[in-house]
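Below is one structure, written out as structure tokens; comments come after it.
The values are calculated or read from the model by the stated rules, or taken from the named source; none is laboratory data. This structure is a prediction, so every number in the text was calculated from the model and none was measured. Cβ coordinates were reconstructed from backbone atoms using ideal geometry, including for glycine residues, and neighbour counts include every protein chain displayed.
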Amino acid sequence: MEYFDLLSQTLKMDIREDSFPDPSSGGYVVDSNATAEDDSDGCGGGNGGRGMVSVVGKGTFASVETGKKWSEKFIYRFSGFDEEGRIGRWEIWADPLSAWIAAGGEEN
């Protein structure tokens, strides 16, 4: 929760109804036999659970400080589900360079 708290102080995220594919469209990748990674990176979720679901989303983001906006696609990857279907690990793959530039960082 601390991560999302800090993120919301830095970025605004505009997610619309069409930001994620309809589940019936086949826009999700599901591997029920995948096993979760261990917790050696300290990110949590090393519960030894099974399964993985990946989906590509899209949204418009803005820097809270500068107001600069950009649109991008990102990936949510859920893995390590326990016996009750609870998510063991949630990874978000996005473009940190766009966020850095929008927040006033320099582009190299």
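Quick one: in segment 67-108, of everything that is charged (D, E, K, R) and part of a strand (DSSP E or B), which residue is nearest to G49 (Cα to Cα)?
This residue is R89.
Could you grab the pairs with beta carbons closer than 7 Å, sequence gap of 6+ or different chains, first residue in segment 1-27 and under 15 Å from I92 (Cα atoms), second one surrounded by 11 or more Cβ atoms within 10 Å (Cβ to Cβ) and of a type outside the set (A, V, I, L, M, F, W, C)?
L11/S63; M13/G59; I15/G59; S19/G57; S19/K58; S19/G59; F20/G57
Provide a single number: the residues in segment 29-53 that are on the phi < 0 side of the Ramachandran plot, buried (at least 16 other Cβ atoms within 10 Å of the Cβ) and at pLDDT 90 or above.
Going through segment 29-53 one residue at a time, the tally reaches 2.
Could you count how many residues in segment 72-108 are under 19 Å from T10 (Cβ atoms), among the β-branched types (V, I, T) and surrounded by 13 or more Cβ atoms within 10 Å (Cβ to Cβ)?
Final tally of qualifying residues: 1.
Quick one: what pairs do we get from segment 67-82, first residue farther than 30 Å from G104 by Cα, second hydroxyl-bearing (S, T, Y), C-beta under 9 Å, 6+ apart or different chains?
Listed pairs, sorted by first residue: F78/S54; S79/T35; S79/S54; G80/T35; F81/S32.
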